[in-house]
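Below is one structure, written out as structure tokens, with a few remarks after it.
The values are calculated or read from the model by the stated rules, or taken from the named source; none is laboratory data. Bear in mind the structure is a predicted one, so any value in this text is a computation, not a measurement. Cβ placement follows ideal geometry from the backbone for every residue including glycine, while neighbour counts extend to all protein chains displayed. When the accessible area is computed, the model is the full protein with side chains, heavy atoms only, and any ligands, DNA or RNA have been set aside. Shrake-Rupley method; radii C 1.70, N 1.55, O 1.52, S 1.80 Å.
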Amino acid sequence: MAIRIKVKNAETGATVEMELESENTVDEVIESAATFWNKDMGAYVLRKGKKVLRGGNSLVDAGIRAEDVLELIPDPEGG
């Protein structure tokens, strides 16, 4: 099932919309967004609200729903 989300670049405020499958992983979203903004994907994580999302989880396992807005932030642990 396809879900549409927005990813927001926390540093610039820019957003990109993505259409993904629920089995896509958080890492794949980070990779797509980092590529879109020419960033080093290893240095970034996604945040949903106050929760930092880690790589290997699928979107459904991470609790991502259609229309969610995720933030691409520098990894607080230094990536």
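Could you list all residues from the range 1-16 that are open to solvent by 70 Å² or more (accessible area, probe 1.4 Å), in a loop (DSSP other than H, G, I, E, B) and not polar (S, T, N, Q)?
Residues satisfying the conditions are 1, 11.
Of the residues 29, 60, which is open to solvent by 60 Å² or more (accessible area, probe 1.4 Å) and either of a type outside the set (D, E, K, R) or not in a helix (DSSP H, G or I) (or both)?
The conditions single out 60.
Exactly one of these conditions fails for residue 19: (1) outside any loop (DSSP other than H, G, I, E, B); (2) surrounded by 12 or more Cβ atoms within 10 Å (Cβ to Cβ). Give me its number.
Condition not satisfied by residue 19: (2).
Please determine, by comparing only the residues of the range 50-79 that are under 14 Å from residue 6 (Cβ atoms) and not charged (D, E, K, R), which one is farthest from the chain's Cα centre (by Cα).
So, considering only residues that are under 14 Å from residue 6 (Cβ atoms) and not charged (D, E, K, R), the one farthest from the chain's Cα centre (by Cα) is 66.
A quick yes/no check of all residues on (1) of a type outside the set (A, V, I, L, M, F, W, C); (2) open to solvent by less than 30 Å² (accessible area, probe 1.4 Å); (3) touching a Lys or Arg at 6+ places or on another chain (Cβ under 6 Å); (4) not in a loop (DSSP other than H, G, I, E, B):
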residue	(1), (2), (3), (4)
39	yes, no, no, no
42	yes, no, no, yes
47	yes, no, no, yes
65	yes, no, no, no
71	yes, no, yes, yes
76	yes, no, no, no
